[in-house]
């Protein structure tokens, strides 16, 4: 069970990092909203390129961990706590960064669109969509290249809201976010 949880989190980590980079790098240029009317003022072009950058950096790190033998490839069974699901040495990291990064931010953008349609105020919590939008977007974008098992998907969908709320709570207390959710 621990291997499933850690391996699932390691797999989806590029989407997690992609989702946090726009908040961490909010001072970079191109912070103008994509469309205030459709998505709200916090969905910016900067979010997309920093999301891609976050996913790319994460995948490069995973690639080097595998290349250096610190973590094995996902093509065999190991007695490790983490069994990578992807063989990072044999994927196109730039395309996977697009799927994880742009997919995560697109999931968030689509959720914001539906939030506006339902008249949910900007910044108001919309559980569980606020917590799952980015992983669903990443999984959808990734699906033409790789589809994890249903147990991995279910693990990601159960653990992500808990981690997301915890990370947002920390970001709120560090004054990186205006709301704790």
Single condition residue 83 does not satisfy, out of (1) modelled with pLDDT under 95; (2) under 18 Å from residue 39 (Cα atoms):
(2)
If a residue has to be in a loop (DSSP other than H, G, I, E, B) and more than 20 Å from residue 111 (Cβ to Cβ) to count, how many in the range 7-30 make the cut?
5
From the list 145, 132, 139, 117, exactly one residue is loosely packed, with under 14 Cβ neighbours inside 10 Å and under 27 Å from residue 86 (Cα atoms). Which is it?
145
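Residues are listed down the side, and each one gets a yes or a no for (1) more than 30 Å from residue 1 (Cα to Cα); (2) surrounded by fewer than 17 Cβ atoms within 10 Å (Cβ to Cβ); (3) modelled with pLDDT under 85:
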position	(1), (2), (3)
33	yes, yes, yes
37	yes, yes, yes
40	yes, no, yes
56	no, no, no
62	no, no, no
70	no, yes, yes
87	no, yes, no
90	no, yes, no
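The values are calculated or read from the model by the stated rules, or taken from the named source; none is laboratory data. Keep in mind it's a predicted model, so treat the numbers as computed, not measured. For neighbour counting, all protein chains shown are included, and Cβ atoms are generated from backbone atoms with ideal geometry for every residue, glycine included.
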